[in-house]
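Worksheet for the structure shown next.
The values are calculated or read from the model by the stated rules, or taken from the named source; none is laboratory data. Bear in mind the structure is a predicted one, so any value in this text is a computation, not a measurement. Reconstructed Cβ throughout: ideal geometry from the backbone, glycine too, with neighbour counts over all protein chains shown. Only protein heavy atoms, including side chains, enter the accessible area calculation; ligands, DNA and RNA are left aside. Shrake-Rupley method; radii C 1.70, N 1.55, O 1.52, S 1.80 Å.
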Amino acid sequence: MDYDWNVSLNRAILNNAPKVDKILRENPYINDIARDLRERKLEVLSDIDTYIKRTEESVKKNGGIFHIARDSAEAMNIVREIIGERTKIVLSKSNVLYEIKLREELSKEGMDVWETDLGEYLVQINNDMPSHLVAPAVHLSKKRISEILNENLDSTINEYTSTEEMVKKVRDFLITKYLSAEVGITGANAVSADTGSILLIENEGNIRMDTVLPSTHIAITGIDKIVPTLKDAFNEVIVQAANAGFYPPTYVNLTSGPSATGDIELQKVTPATGPKEFHVILIDNGRREAMNSDLKESLLCIRCGRCYFSCPAYRLYGKEFGTSPYTGPTGIMWSAIVYKQYDKSEMCMHSGGCSVVCPMQIPIPKIIEKIKFKYTG
Ligand code: SF4
């Protein structure tokens, strides 16, 4: 690993780990919620068809359009059909969008596609891949970021430009993309089967723009993101935010359908100010197979990213430990689920720190051990 990596990762660990510990010490109820959430998610994994059906009915009841995709190719075809002739697309941070290579595919087809999360935007203009689930650009030092922005956005930026100024320049650029976007594509942190709602957690405000300014919002996520109720979905975002070190989160976005108003004689009319179309695409891509295997508990992952910072292999190998965007301890499990890639498990040192900090109590080293056996036969 290069010098940049060691500097930026150490800074990230020092910024993150004590913050997460403090949040959990001051809000002990979050660990209780996490234990309950684990049970609720296990319920879904044991009866996935019922929960997919329930989610479909709820999305349709709200005026949304529901899709199910077996793999990346099917998901991409659904997206292409929804987009039609439109070309201006904004994206929010999502591992599933990388999983199906959405930006790459749409860009190849000549569309104007922009990541709107700051870290993802840096990854995009650097022709790079994310190195961490929550902090995709954690492998880039501030100095390197100033060089990337200088080459791609504004030649007045240099290593002495303040972080605030760099963020402002990116914000000024991205606002022009939001205002002209025709379609906003997001992932989802959780999908509630009982109400057909998706929840998205963020701090920057870009997801709020992506989900409201374009006339069509498409949410693409895995079937593992279904939870039984809206209460469970809120619990998931609380646990995720706390374990990611951002508590309380600045924004929690809830979407349950296209925009609507009932202001004239309480008759519900759609659309109102926001999008007129809301699509939910749930993708399988190996998840269902994993539910019936030694990989089952990997599907409980809520993508908080906490396990990365307790992992000696991730410190040593960075984003080579896994297949981006699925890197780090959870990424070894998810690379096996989604890409059927097992060889990176050989890099695991089985320190066990990952499972100690995991809020979903996923026995990560044991699962990686099974993956190793699968690889070595
Ligand atoms: S495996 Fe656990 S600690 Fe790692 S990202 Fe998933 S939920 Fe968080």
Some residue of the stretch 134-142 being among the basic types (Lys, Arg), open to solvent by 30 Å² or more (accessible area, probe 1.4 Å) and either within 21 Å of the chain's Cα centre (by Cα) or closer than 26 Å to ARG80 by Cα (or both)
no
What do you reckon, is TYR317 touching a helix residue (DSSP H, G or I) at 6+ places or on another chain (Cβ under 9 Å), among the hydroxyl-bearing types (Ser, Thr, Tyr), open to solvent by 50 Å² or more (accessible area, probe 1.4 Å) and not assigned by TED's automatic domain parsing to the domain that holds ILE223?
yes
Are any residues in the stretch 322-333 without any contact (Cβ under 8 Å) to a residue 40 or more places away in the chain and either under 26 Å from LEU24 (Cα atoms) or within 13 Å of the ligand (Cβ to nearest atom) (or both), and if so, which ones?
GLY322, PRO329, ILE332, MET333
Answer yes or no: is there a residue in the stretch 93-109 that is under 22 Å from PHE173 (Cβ atoms), of a type outside the set (Asp, Glu) and surrounded by fewer than 18 Cβ atoms within 10 Å (Cβ to Cβ).
yes
Among the candidates LYS372, LYS344, which residue alone is more than 13 Å from the ligand (Cβ to nearest atom) and surrounded by fewer than 23 Cβ atoms within 10 Å (Cβ to Cβ)?
LYS372
Breaking point among (1) in contact (Cβ under 8 Å) with a residue 60 or more places away in the chain; (2) open to solvent by 50 Å² or more (accessible area, probe 1.4 Å), for VAL227
(2)
Which residues, counting only those in the stretch 347-367, are of a type in the set (A, V, I, L, M) and within 13 Å of the ligand (Cβ to nearest atom)?
VAL356, VAL357, MET360, ILE362, ILE364, ILE367
Taking the stretch 1-14 as the region of interest, how many residues are surrounded by 12 or more Cβ atoms within 10 Å (Cβ to Cβ) and either modelled with pLDDT of 80 or more or not hydroxyl-bearing (Ser, Thr, Tyr) (or both)?
9
What's the number of the only condition in (1) open to solvent by less than 30 Å² (accessible area, probe 1.4 Å); (2) over 28 Å from ASP47 (Cα atoms) that PRO359 fails to meet?
(2)
Can you name the number of the only condition in (1) away from the ligand (no atom under 16 Å from the Cβ); (2) not aliphatic (A, V, I, L, M); (3) not assigned by TED's automatic domain parsing to the domain that holds LYS93 that ARG306 fails?
(1)
Could you please find all residues in the stretch 274-290 being assigned to a helix (DSSP H, G or I) and open to solvent by less than 10 Å² (accessible area, probe 1.4 Å)?
ARG287, ALA290
I'm told VAL90 meets every condition in (1) within 19 Å of the chain's Cα centre (by Cα); (2) assigned to a loop (DSSP other than H, G, I, E, B) except one. Can you identify the failing condition by its number?
(2)
Assigned by TED's automatic domain parsing to the domain that holds GLY84, open to solvent by 10 Å² or more (accessible area, probe 1.4 Å), of a type outside the set (D, E, K, R) and assigned to a loop (DSSP other than H, G, I, E, B) - does that describe any residue in the stretch 190-202?
yes
How about the stretch 212-224: which of its residues are under 15 Å from VAL252 (Cβ atoms) and open to solvent by less than 10 Å² (accessible area, probe 1.4 Å)?
ALA219
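Applying the selection to the stretch 207-224, what residues are among the β-branched types (Val, Ile, Thr) and under 20 Å from THR176 (Cβ atoms)?
Taking the stretch 207-224 first, the residues among the β-branched types (Val, Ile, Thr) are 207, 211-212, 216, 218, 220-221, 223.
Passing the criteria: ILE207, THR211, VAL212, THR216.
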